[in-house]
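Laboratory data are not the source of any read-out in this text; all were calculated from the coordinates shown. Given the structure is predicted, the values throughout are model-derived calculations rather than measurements. Note that we place each Cβ from the backbone using ideal geometry, even for glycine, and neighbour counts take in every protein chain shown.
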Amino acid sequence: MTKAPKPLVAGNWKMNGSVASADEAKRMVEGLAALGAVHCEVAICPPFPLVGFLARVLAQGPIMVGAQDCHPKASGAHTGDVSAEMLADVGAKAVIVGHSERRQDHGESDALVAEKAQAAWRAGLTAIICVGETEAEREAGQTLDVVGAQIAGSVPGDATAANTVVAYEPVWAIGTGRTPTANDVAQVHAFLRETLVSKLGDEGKGVRLLYGGSVKPSNAVELMAVANVDGALVGGASLKADDFLGIIAAYKK
């Protein structure tokens, strides 16, 4: 089995940011230095136009840069799409695939998400595969069925702890300020761990499981302490250095 990597705190900037955001990213680097030793890796995933720019700005520093999506193919007649190879070429180290907003807004299937994960690996990127239930599914008691099916369909059978991260983001908690209880998160993450081990064998024990959905400095310590929570996928709070650093501080040594 591959040794489990450090926890990961990754910021998903969604369709936000500009060239001026480099100043905020630099403040994050400065803030990390001021925090001292933290037991986690840190990443930000800006929109496509900023990936290469911020990768250059943050080169050789403690924050790696990722992207928010990729096309399954390496190249071709796919107007408006970006390949994983292109992302790697400009300095990206990871890519989010299967975010609920991609699944909902663009009709992405589990099978397509799995293809994108494999494309990420092909380019040497870490795939951050997202799963999560809607409010209606949660109220119907279908949470574990839904995320279990997403793991079955979205995580390729040859995934490893080195090339794959799974992020659980309950759709109803994204950007709403609402979060599940620590016990709710523990239940889902324990189930995800069992499901990954069943699918991947020992390798599934080392795949990092991130929690996402209204993570903020005020709840980060409690959420990051939950069993089988190996970091966070952070939305709005990752756009401001102070908020993002407040979450990362949950891993201060």
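Observations on the model:
- Any hit, the stretch 50-73, residues being assigned to a helix (DSSP H, G or I) and under 16 Å from the mean Cα position of the chain (by Cα): yes
Quick grid of which residues meet (1) surrounded by 19 or more Cβ atoms within 10 Å (Cβ to Cβ); (2) basic (Lys, Arg):
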| position | (1), (2) |
| --- | --- |
| 29 | no, no |
| 34 | no, no |
| 38 | yes, no |
| 43 | yes, no |
| 46 | yes, no |
| 52 | no, no |
| 56 | no, yes |
| 65 | yes, no |
| 69 | yes, no |
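- Near pairs, Cβ below 7 angstrom, 6+ apart or cross-chain, from the stretch 123-138 (assigned to a helix (DSSP H, G or I)) to any residue that is crowded, with 24+ Cβ neighbours inside 10 Å: 138/170
- Every condition in (1) within 23 Å of residue 236 (Cα to Cα); (2) in a loop (DSSP other than H, G, I, E, B) holds for residue 77 except the one numbered (1).
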